[in-house]
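Written below as structure tokens is the structure these notes are about.
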Amino acid sequence: MAGLNVSLCFFLATFALCQAARRAAKALLPGGSYAHFAREAAGAAQLGACCLEMRMLVELGPWAGGFGPDLLLTLVFLLLLVHGATLDGASANPTVSLQRFLLAEASLPGTLLELAAQALGVQVAGALTRLYWAWGLSDLHVLQSLMDPHCSSALRTAVPHGALLEGSCAFLLHLALLCLQGSRAVHRAPAVALLLTAAASTAGPLTSAFLNPALAALVTFHCSGHSLLEYVQVYWLGPVTGMLLAVLLYHGRLPRLFQRNLLYSQKSKYRVPRRRPVPGPRGSQTPEEGSRGREPRCRGPLSSSH
């Protein structure tokens with residue numbers, strides 16, 4: 001359990017440092033710069049560092065630390081719950097940033113700035129986490145430092161199957177985000193954490209269920225076993241396709257690209273009232289029918305009878 005305690009301390013230190021960085025950036029930087037860069041960089045660094053440490057526990061914990069799957073899944077859920085509560089509105093996920101752009105909620109320069117911040121954040125997290133492993137504070141970290149240069153791929157299934165799994169899980173995630181976008185954070189964070197934990201339980205043994213191109217690039221793109229093109233197909237194209245399908249299903253269109261609904265027919269909310277029939281001596285007639293059935297009478301002096 002000593003290795004688990006060291007990892008828990010690492011998680012707490014990561015959350016504390018990233019939260020301090022967010023507060024300092026919010027106090028020192030203008031609102032726009034903080035919202036588009038510093039917040040995303042801090043969120044991506046927090047997510048990347050915790051993902052690397054958690055992956056180490058999942059791979060080495062069962063046989064080197066005696067950790068069971070129930071303990072690991074509980075820890076995953078708690079980490080995701082804390083992430084949802086502390087990210088301060090940051091997506092820390094390129095597909096979520098692209099979703100906001102497609103929904104016309106973010107501009108193109110702001111989206112590109114977010115993507116750059118996310119790439120920078122995960123790279124900083126990778127460098128600092130591997131430096132922490134090199135200190136050898138636990139047996140698990142010593143083993144991880146020795147194995148990291150010769151890491152194995154997180155993709156343990158065929159490329160089409162892996163892309164389908166990542167895309168399907170990303171589809172469910174983005175559909176949940178769209179459905180919960182108007183809800184309070186206290187309700188949204190547990191729901192998203194539970195969904196991601198379920199994805200990690202089902203697709204994790206085959207693809208690690210990253211659902212995040214930045215995290216996948218940090219964790220497994222440098223590992224042997226598959227080519228860069230295969231990694232891109234599974235961990236980039238899969239989640240992006242799932243996100244596009246979720247937006248298309250929820251809105252019926254991609255708001256940034258199409259104004260017309262592509263899936264659902266839109267009915268007018270204004271109903272034209274129907275004319276009520278006018279009762280007459282020959283039955284029910286509409287005003288038009290009544291006027292057509294009677295000849296006009298002229299009331300002038302030329303029409304008087306002699």
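Key figures
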| read-out | value |
| --- | --- |
| Whole-number Å³ per residue for the convex hull built on Cα positions in the range 157-239 | 84 |
| Value in Å of the Kirkwood radius, where the range 88-202 supplies the Cα pairs that are averaged | 17.1 |
| At R0 = 41 Å, FRET efficiency that the Cβ-Cβ distance of residue 187 and residue 146 yields, to 0.05 | 0.40 |
| Over the range 4-61, equivalent-ellipsoid semi-axes from the Cα gyration tensor in Å | 28, 12, 4 |
| Ranked packing of 42-54, 128-140, most packed first, by mean Cβ within 10 Å | 42-54, 128-140 |
| Surface/4 of the Cα convex hull for the range 82-139, nm² | 5.2 |
| Cα-based shape type of the range 120-160, given that a ≥ b ≥ c are square roots of the gyration tensor eigenvalues and the cut on a/c is 1.5 | oblate |
| Carbon + sulfur, % of accessible area of the chain - ligands and nucleic acids excluded, 1.4 Å | 65 |
| About the Cα centre, charge dipole magnitude for the range 1-73 (Lys/Arg +1, Asp/Glu -1 at Cβ), debye | 380 |
| Along each principal axis, Cα extent of the range 1-160, largest first, Å | 48, 42, 29 |
| Rg/Rh ratio calculated on Cα atoms of the range 56-98 (Kirkwood radius) | 1.15 |
| Charge dipole magnitude, Cβ of K and R +1, D and E -1 - the chain, Cα centre, debye nearest 20 | 2540 |
| Debye, to nearest 20: dipole size of the range 15-124, +1 on Lys, Arg Cβ, -1 on Asp, Glu Cβ | 280 |
| Charge dipole (the chain, unit charges on Cβ, about Cα centre) - positive-most of 204, 142, 259 | 259 |
| Other-chain or far-sequence residues with amide H under 5 Å of residue 253's (modelled H) | 262 |
| Heavy-atom accessible area per residue - the chain, 1.4 Å, Å² | 57 |
| Normalised contact order of the range 11-76, rounded percent, pairs of Cα under 8 Å and 6 or more residues apart | 31 |
| Positive dipole terminus of the chain, leading residue within 31, 247, 122 (C-beta point charges) | 247 |
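The values are calculated or read from the model by the stated rules, or taken from the named source; none is laboratory data. Note that this is a predicted model, so its numbers are computed, not measured. Note that we place each Cβ from the backbone using ideal geometry, even for glycine, and neighbour counts take in every protein chain shown. Heavy atoms of the whole protein, side chains included, go into the accessibility calculation; ligands, DNA and RNA do not. Shrake-Rupley method; radii C 1.70, N 1.55, O 1.52, S 1.80 Å.
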